[in-house]
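Undergrad: Here you go, one structure.
The values are calculated or read from the model by the stated rules, or taken from the named source; none is laboratory data. Quick caveat: nothing in here was measured; it's all calculated off a predicted structure. Positions of Cβ are generated from backbone atoms using ideal geometry, with glycine treated the same way; all protein chains shown enter the neighbour counts.
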Amino acid sequence: MNTFTEQKARKRTNPYVYVTWLAKLMGGQDQCRWKYWFKANFQFKKPQDSPEKQAFLDGYLAKHSSLVNRRALDLEDEGYKVYVEGENSFTMAGSTGITVGGRPDIIAVRDEEVLVVDCKSGEEKPSDKLQTLIYMYLVPFSLGHCKNRTRSSKVSSVNWSC
């Protein structure tokens, strides 16, 4: 059974693009534009992961959460008000009808400064920095705690093997 081809893809009313997709294309990490066009224009249910892949993902997510939490605590110690993951979810509809969405790992606010932090494992890729720069551009338009503040970005990387 080919789970992908047997799925029914539903056409979206308007295209929807995740910041991570934009960053990978812009950074040259992924060359398949059709894949992102399809994902932007159609919704489909992801096939269930194998038990091995699910175990890998569970381990990765636990390590990622630990990294995000450690970095958030460090920023709080530095006097920042810290917003983590779900608190940072946003969507922004453009004049062309395309909606862009994302969820920075951490947004830290202190006085008039906003720091956008995304935590990554392994070697830093060009798309990692692009992802934080795109977030940095978009969040003032969509998140109240980022409006009218000076923005900067940081990629927090750590090497681990999952």
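Undergrad: From the set of residues in region 105-162 that are hydroxyl-bearing (S, T, Y), closer than 28 Å to E52 by Cβ and modelled with pLDDT of 75 or more, which is surrounded by the most Cβ atoms within 10 Å (Cβ to Cβ)?
TA: This residue is S127.
Undergrad: Turning to a different aspect of this structure: Check every one of the helices (runs of 4 or more DSSP H) wholly within region 1-79 and list those with 3 or more residues that are hydroxyl-bearing (S, T, Y).
TA: Working: elements: 3-6, 19-26, 33-41, 51-77.
By residue number, 51-77.
Undergrad: From the set of residues in region 72-104 that are under 24 Å from N14 (Cα atoms) and of a type in the set (A, V, I, L, M, F, W, C), which is surrounded by the most Cβ atoms within 10 Å (Cβ to Cβ)?
TA: Here is the first cut: in region 72-104, the ones under 24 Å from N14 (Cα atoms) are 86, 88-104.
From the residues that got through so far, the ones that are of a type in the set (A, V, I, L, M, F, W, C) too are 90, 92-93, 98, 100.
Numbers: F90: 17, M92: 15, A93: 13, I98: 14, V100: 21.
Among those residues, the one meeting the criterion is V100.
Undergrad: Hey, any hits in region 48-62 for a residue that's within 19 Å of the chain's Cα centre (by Cα), at pLDDT 90 or above and surrounded by 13 or more Cβ atoms within 10 Å (Cβ to Cβ)?
TA: No, the conditions are met nowhere in region 48-62.
Undergrad: Taking the condition under 29 Å from R12 (Cα atoms), aromatic (F, W, Y) and modelled with pLDDT under 90, does F44 pass? Break it down into steps so the answer makes sense when it comes.
TA: Details: under 29 Å from R12 (Cα atoms): yes; aromatic (F, W, Y): yes; modelled with pLDDT under 90: yes.
Here the answer is yes, as F44 does meet what is asked.
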